[in-house]
Amino acid sequence: MSERETGKEILEVSHVTVSYEDAGLGIFGKRKVTEVLHDVSFCVHRDEFFGLVGESGCGKSTLGNAILGLLPFSGSIRVDGMDHRTAGREAFTRKIQAVFQDPMSSLDPRKTIGFTMEEPLKAHRLGDKKARKEAVARMLERVGLDASYAGRYPSELSGGQRQRVCIGAALMADPELVIADECVSALDVSVGAQILNLFRQIDAAKDFAMLFISHNLSVVYYLCDRIGVMYRGRIVEIGTADDICLHPMHPYTRLLLHAIPDFAAKITDDPKEQQTDAAFEVLREDPPGACCFYHRCPFAGSACLSQPELLPLGGEHACACVLAGKKEETK
């Protein structure tokens, strides 16, 4: 075990809630507080790739920004046992880095690629000038480019090459956790596939963990060891990639998978649960305090009028659905 491996979890998110305050319209508008994340708890194991998936607006990116320390929140977020609100900023940023959706907006167009990739080493005072230049050249090779790219500018690179640079820059200071937020969604399909294959190659080294945020469940299944499914600011199901994509228990997860032909035929033989896209329509009113999926769930009943906790289903599989819990009990 390496010196930096001190525990099983590299990321621990406990009871995290994020709210936004809306000042309302006009000078007499009443302030309104909107809760975007609701009591979110999960962990990422050391050196694993963990996928966070859900439709747009469910709170995935908000959670990623809270973990990075970019948003205020209530609850606890610890990276390698360190809370960024009590630890120094420099120590925390050495542990965690990010790769965002648009590589062009992440790179300074006035700076060379070499300058950008060397910056994390300068910030953490790692190595002398010669050692940093050599580290940049090695990282460019690691992400599928070559040392000549160090002298180029972002405008001279394709979208896929720029994203490779962003990935390399995130890894320069040897972080223990990388947050990748929709990092292939702005790329062409073929280029995105190259970036995913790059992640698979990098993952083989098992020297950092990743929180991979995406709306594409197929991509997450391809890349990640475990998956958390988010809906309306809550994690509604969590488990291994096979738990989620081959044995889903939450109705929302099942409906997501029914939209993917490769998974739809695998997850169930029960005609009762072969739901179509129509099941995503609002079926009923959404009473306060009810399960977050109550208004869209075709199976909701009186037991669903309160939000369930994540119920353990065996192993690392858990689901926030009282019906899923009953199914497991009857097996």
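Hey, Ala173 hits all of (1) at pLDDT 90 or above; (2) small (Gly, Ala, Ser); (3) in contact with a Pro (Cβ under 9 Å, 6 or more places away or on another chain); (4) under 25 Å from His45 (Cβ atoms) but one; which does it fall short on?
Unmet for Ala173, out of (1) at pLDDT 90 or above; (2) small (Gly, Ala, Ser); (3) in contact with a Pro (Cβ under 9 Å, 6 or more places away or on another chain); (4) under 25 Å from His45 (Cβ atoms): (1).
To keep it simple, each residue is scored yes or no on (1) touching a residue at least 24 places away in the same chain (Cβ under 8 Å); (2) within 19 Å of the chain's Cα centre (by Cα); (3) closer than 30 Å to Leu145 by Cβ.
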{"residue": "Val33", "(1), (2), (3)": "no, no, no"}
{"residue": "Val36", "(1), (2), (3)": "yes, yes, no"}
{"residue": "Phe42", "(1), (2), (3)": "yes, yes, no"}
{"residue": "Phe49", "(1), (2), (3)": "yes, yes, yes"}
{"residue": "Phe73", "(1), (2), (3)": "yes, yes, no"}
{"residue": "Thr86", "(1), (2), (3)": "no, no, no"}
{"residue": "Met104", "(1), (2), (3)": "yes, no, yes"}
{"residue": "Glu119", "(1), (2), (3)": "yes, no, yes"}
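Name the residues in the range 97-116 that are open to solvent by 60 Å² or more (accessible area, probe 1.4 Å) and either in contact with a strand residue (DSSP E or B) (Cβ under 9 Å, 6 or more places away or on another chain) or of a type in the set (A, V, I, L, M, F, W, C) (or both), would you?
Phe100, Gln101, Met104, Phe115
Mind listing whichever residues of the range 200-226 are of a type in the set (A, V, I, L, M), within 15 Å of Val143 (Cβ to Cβ) and either open to solvent by 10 Å² or more (accessible area, probe 1.4 Å) or assigned to a helix (DSSP H, G or I) (or both)?
Ile202, Ala204, Ala205
Does the range 29-39 include one or more residues that are outside any strand (DSSP E or B), open to solvent by 50 Å² or more (accessible area, probe 1.4 Å) and at pLDDT below 90?
yes
Take the range 88-124 and flag every residue that is modelled with pLDDT under 90, of a type in the set (D, E, K, R) and not in a helix (DSSP H, G or I).
Asp102
Give me the pairs, please: first residue somewhere in the range 195-218 and more than 10 Å from Phe49 (Cβ to Cβ) and in contact (Cβ under 8 Å) with a residue 60 or more places away in the chain, second residue anywhere and assigned to a helix (DSSP H, G or I) and not hydrophobic (A, V, I, L, M, F, W, C), beta-carbon distance under 6 Å, and either six or more positions apart or on two chains.
Every condition considered, the pairs that remain are Ile213/Lys60; Ile213/Gly64.
Can you tell me which residue in the range 144-159 is nearest to Arg110 (Cα to Cα), limited to those that are outside any loop (DSSP other than H, G, I, E, B), touching a residue at least 12 places away in the same chain (Cβ under 8 Å) and out of contact with any Leu (no Cβ under 6 Å at 6 or more places or on another chain)?
Among residues in the range 144-159 that are outside any loop (DSSP other than H, G, I, E, B), touching a residue at least 12 places away in the same chain (Cβ under 8 Å) and out of contact with any Leu (no Cβ under 6 Å at 6 or more places or on another chain), the one nearest to Arg110 (Cα to Cα) is Ser155.
Taking the range 168-199, which residues are out of contact with any Leu (no Cβ under 7 Å at 6 or more places or on another chain), assigned to a helix (DSSP H, G or I) and under 21 Å from Tyr222 (Cα atoms)?
Across the range 168-199, the qualifying residues are Val189, Ser190, Val191, Gly192, Ala193, Gln194, Asn197, Leu198.
Taking the condition under 30 Å from His15 (Cα atoms), open to solvent by 40 Å² or more (accessible area, probe 1.4 Å) and assigned to a strand (DSSP E or B), does Arg85 pass?
When the stated conditions are applied, Arg85 does not pass them.
Restricting to the range 229-250, name every residue that is in contact (Cβ under 8 Å) with a residue 24 or more places away in the chain, open to solvent by 10 Å² or more (accessible area, probe 1.4 Å) and out of contact with any helix residue (DSSP H, G or I) (no Cβ under 6 Å at 6 or more places or on another chain).
Scanning the range 229-250 gives Arg232, Arg234, Ile235, Ile238, Thr240, Asp243, His247.
Considering each residue of the range 122-138, count those that are within 18 Å of Ser106 (Cα to Cα) and open to solvent by less than 50 Å² (accessible area, probe 1.4 Å), and give that number.
1
The values are calculated or read from the model by the stated rules, or taken from the named source; none is laboratory data. Everything numeric in this text was worked out from a predicted model, so none of it was measured. Counting neighbours? That spans all protein chains shown, and the Cβs are built from the backbone with ideal geometry, glycine included. Areas reflect the complete protein model, heavy atoms only, side chains present, ligands, DNA and RNA absent. Shrake-Rupley method; radii C 1.70, N 1.55, O 1.52, S 1.80 Å.
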